[in-house]
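Q: Okay, here's the structure, questions in a sec.
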Amino acid sequence: MTNYTKIVKKQIEGIRLTLDSILLVLACTFLIVLATFVQLDITHFILPKGFFQGENLIFKDYLFTYKFIPQIPIVMFVGAFLGKKYGIISILLYILLGLFIIPVFAIGGGPQYILEYGFGYILAYIPAVFFADTILNNGFSTKNILKATLVGVLIIHFIGVLYMLFVASIRHEGWLFMQSWIYAQSGLKILYDIVFSFGALFATRYLKIILWFYM
């Protein structure tokens, strides 16, 4: 069996339970916590509305800056890197930390956080990692990475929105509030989550090859 074949076999089998793997799980949990409080200013080129309306525009009008929190791409990375089993354990540790130990969620923590509008996104990390890694078990081809990215990100946003609607209905919030909340949390952000999650999974393919080569 060639070294490359052994590496691919290890990738499919996933990480085995050792002291090193336990440390990896804890490190990935910390990475999720860290990503919760990191904000990246993503600046890129756009065609503004004024371009189509014949307005006189300057260079800065073609630039758009989006404040992006990279937690979803990090969760996708953790799931792909650790595999569904240990990836889900890492996410569960994050959830348990936030609910019962320290406030590691975006706006706090504690058992009462279950009734926060955004908690559904956190819960959705579990099925997202499960289904995304199921796809990646067939190999880290570009096609599978794209499929895993789309499935994982869309699951997170779909469940997140449904959970928000459920909590909002309990609190008797109006539809205008729900619309604005959905736009803020699952509007343009979905596109950034897809792009950066794809990049994270693509990088994971090579990171796992390097790691497995030395294991």
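The values are calculated or read from the model by the stated rules, or taken from the named source; none is laboratory data. The structure presented is a predicted model; accordingly, all values stated were derived computationally and were not measured. Note that each Cβ is placed from the backbone with ideal geometry, even for glycine, and that neighbours are counted across all protein chains shown.
Q: Looking at (1) at pLDDT 90 or above; (2) surrounded by fewer than 16 Cβ atoms within 10 Å (Cβ to Cβ); (3) not acidic (Asp, Glu), which one does Tyr117 not meet, given that it meets all the others?
A: Single failed check for Tyr117: (2).
Q: When segment 187-197 is examined, which residues are found to be over 14 Å from the mean Cα position of the chain (by Cα) and touching a residue at least 60 places away in the same chain (Cβ under 8 Å)?
A: The answer is Leu188, and nothing else.
Q: Tell me, which residue of segment 114-129 that is over 11 Å from the mean Cα position of the chain (by Cα) and in a helix (DSSP H, G or I) is farthest from Leu97 (Cα to Cα)?
A: In this case the residue turns out to be Pro127.
Q: Does any residue of segment 185-194 turn out to be hydrophobic (A, V, I, L, M, F, W, C) and over 23 Å from Val151 (Cβ atoms)?
A: no
Q: If you go through segment 158-207 one residue at a time, how many are aromatic (Phe, Trp, Tyr) and in contact with a Ser or Thr (Cβ under 7 Å, 6 or more places away or on another chain)?
A: Of the residues in that region, 1 qualify.
Q: Given Lys147, Lys143, which one is at pLDDT 90 or above, closer than 18 Å to Val195 by Cβ, of a type in the set (Lys, Arg) and surrounded by 15 or more Cβ atoms within 10 Å (Cβ to Cβ)?
A: Lys147
Q: Given Ala184, Ala200, which one is surrounded by 17 or more Cβ atoms within 10 Å (Cβ to Cβ), of a type outside the set (D, E, K, R) and either touching a residue at least 60 places away in the same chain (Cβ under 8 Å) or closer than 23 Å to Gly118 by Cα (or both)?
A: One residue alone meets the criteria, Ala200.
Q: Out of segment 166-178, which residues are farther than 15 Å from Tyr121 by Cα, surrounded by 10 or more Cβ atoms within 10 Å (Cβ to Cβ) and small (Gly, Ala, Ser)?
A: If the condition is that a residue be farther than 15 Å from Tyr121 by Cα, surrounded by 10 or more Cβ atoms within 10 Å (Cβ to Cβ) and small (Gly, Ala, Ser), then Ser169 is the only one that fits.
Q: Another question, if that's okay. Of a type in the set (Ser, Thr, Tyr) and surrounded by 13 or more Cβ atoms within 10 Å (Cβ to Cβ): is that true of Tyr163 in this structure?
A: Criteria met by Tyr163.
Q: How about segment 79-113: which of its residues are free of Cβ contacts under 8 Å to residues at least 60 places away in the same chain, farther than 17 Å from Val129 by Cβ and of a type in the set (A, V, I, L, M, F, W, C)?
A: Hits for segment 79-113 are Leu99, Phe100, Ile101, Ile102, Ile107.
Q: When the residues of segment 74-108 are narrowed to those that are under 14 Å from Thr29 (Cβ atoms) and not in a helix (DSSP H, G or I), which ends up nearest to the chain's Cα centre (by Cα)?
A: Going through the qualifying residues, I end up with Phe105.
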